[in-house]
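Remarks on the structure that follows.
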Amino acid sequence: MSEVVIRFQNVAKSFGHKTVLKDVTFEVRSGEVFGIIGMSGSGKTTLLNTLIGFLQPDYGDIRFRLEHLLEFEEDEETQYRSVFKNLDDVKRTFGFAAQTPSFYENLTPVENLEYFGRMYGLSKDVRKTNADILLHLMRLQSSKNVLAKNLSGGMQKRLDIACALIHDPKVLILDEPTADLDPLLRREMWELIKKINNKGTTILMASHFLDEIESLCDRVGILFDGVILKSGTPDELKNVYTHDEEIHIQTSPGRYDLLINYLKAQQKKLNITRIINKGHKLVIYTLSAEKVLHFLLHGIEKLDESLLDVYVNKPSLEEAFESLIKESRKKKD
């Protein structure tokens, strides 16, 4: 298992009488993509702003591992430092791309990267080398001399991330990296995040798009009511919800009531836990997908239905998320 690089330890943060973070505790490991999901207003941005030291917590601490101490410090605990007491090391270790762009609109990509490189104290040669690498990685070479305000939305997002990476940080923090992007540009951003991670950068990202969190992240933390309800791999979180698989099936003319009755006759034997008629298709939850499919295909032929579409998968992270939130609300009530 990879080393822990960030530790949230009982972090709490309030604004006046509004408590946003109550008792946030979780860890991020080296080389992974860790996702934070939560409903709008759940405190995702506050959590990230606290991580970079922009906000001071009411209590608790966030500790991070300093790479240059690893070969000198024998005690593992002394390899970690508090974010709030080591802001210079935080700036060197972390790169942060916020929801609101940090680049300067009246500078070109090259000029922006030069500016931020100077701000981080990089030498001229390092600034040029890093800028060239990032312009290539972000596919901004052909627009490197265009004013940032004249770039497309997708290019501006990529430039913002490039500015956060100019000093080659060990950890990249992304707050809603695909917000306001159309589906095609979102997918392009996913591929970019994967490329950055494949180069060895640890990534911590917050997003309300559960599909991208599920496809991009090695592990996920669910933020609700000021705490991390659960954390784990997407599959681990989905298994908290159910171990079933889902069979999605669409037939014509689509007399799904007849198919449901056909399945219910053998429901226990087939380990079917639930059947949902969505109008245009059936969704069947079962521990024995192969057995159910075999039985179901015979039923389709027997009932003179035509198979239009069928596929099997695990329940989505969205279903697990909704289930965990509902369970948490019930406990509160």
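The values are calculated or read from the model by the stated rules, or taken from the named source; none is laboratory data. No experiment lies behind these values; they were computed from the predicted model shown. Neighbour counts run over all protein chains shown; Cβ positions are idealised from the backbone, glycine included.
Brief remarks follow.
- Residue tally, condition in a helix (DSSP H, G or I), of a type in the set (G, A, S) and within 29 Å of D88 (Cβ to Cβ), over region 146-204: 3
- Residue match in region 199-212 (condition: of a type in the set (D, E, K, R) and either within 24 Å of M39 (Cα to Cα) or outside the structural domain of R158 (by TED's automatic domain parsing) (or both)): yes
- Applying the set (1) farther than 30 Å from N10 by Cα; (2) at pLDDT below 90 to D225 leaves exactly one unmet item: (1).
- I249 passes every criterion in (1) touching a residue at least 24 places away in the same chain (Cβ under 8 Å); (2) assigned by TED's automatic domain parsing to the domain that holds K13; (3) over 12 Å from the mean Cα position of the chain (by Cα) apart from (2).
- In region 132-145, the residues that are part of a loop (DSSP other than H, G, I, E, B) and either within 17 Å of L192 (Cβ to Cβ) or among the charged types (D, E, K, R) (or both): M138, R139, L140, K144
- Residue under evaluation D211, criteria (1) part of a helix (DSSP H, G or I); (2) touching a helix residue (DSSP H, G or I) at 6+ places or on another chain (Cβ under 7 Å), criterion not met: (2)
- Given (1) more than 29 Å from the chain's Cα centre (by Cα); (2) surrounded by fewer than 12 Cβ atoms within 10 Å (Cβ to Cβ), number of the condition Q267 does not satisfy: (2)
- Among the residues making up region 265-301, those that are in contact (Cβ under 8 Å) with a residue 24 or more places away in the chain and within 21 Å of S252 (Cβ to Cβ) are H280, K281, L282, V283, I284, V292, L293, F295, L296, G299, I300.
- Qualifying residue in region 47-59 (condition: β-branched (V, I, T) and either assigned to a loop (DSSP other than H, G, I, E, B) or in contact with a His (Cβ under 6 Å, 6 or more places away or on another chain) (or both)): yes
- Options I300, I275; residue that is surrounded by 12 or more Cβ atoms within 10 Å (Cβ to Cβ) and assigned to a strand (DSSP E or B): I275
Quick grid of which residues meet (1) modelled with pLDDT of 95 or more; (2) surrounded by 18 or more Cβ atoms within 10 Å (Cβ to Cβ); (3) in a strand (DSSP E or B); (4) not assigned by TED's automatic domain parsing to the domain that holds G153:
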site: T100; (1), (2), (3), (4): no, no, no, no
site: Y104; (1), (2), (3), (4): yes, no, no, no
site: L107; (1), (2), (3), (4): yes, no, no, no
site: L113; (1), (2), (3), (4): yes, yes, no, no
site: F116; (1), (2), (3), (4): yes, yes, no, no
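- Of all residue pairs spaced 6 or more apart or on separate chains, those with beta-carbon atoms under 6 Å, a first member in region 302-331 that is under 26 Å from T251 (Cα atoms) and a second member that is surrounded by fewer than 16 Cβ atoms within 10 Å (Cβ to Cβ) and among the hydroxyl-bearing types (S, T, Y) are S306/S252; L308/S252.
- Neighbours by Cβ (under 7 Å, 6+ apart or cross-chain): first from region 86-108, more than 22 Å from E176 (Cα to Cα); second of a type in the set (A, V, I, L, M) and surrounded by fewer than 17 Cβ atoms within 10 Å (Cβ to Cβ): N106/L147; T108/V146; T108/L147
- Restricting K281, K230 to those that are in the same structural domain as V20 (by TED's automatic domain parsing), touching a strand residue (DSSP E or B) at 6+ places or on another chain (Cβ under 8 Å) and surrounded by 15 or more Cβ atoms within 10 Å (Cβ to Cβ) reduces the list to K230.
- Test result for L135, touching a Pro at 6+ places or on another chain (Cβ under 9 Å) and without any contact (Cβ under 8 Å) to a residue 40 or more places away in the chain: yes
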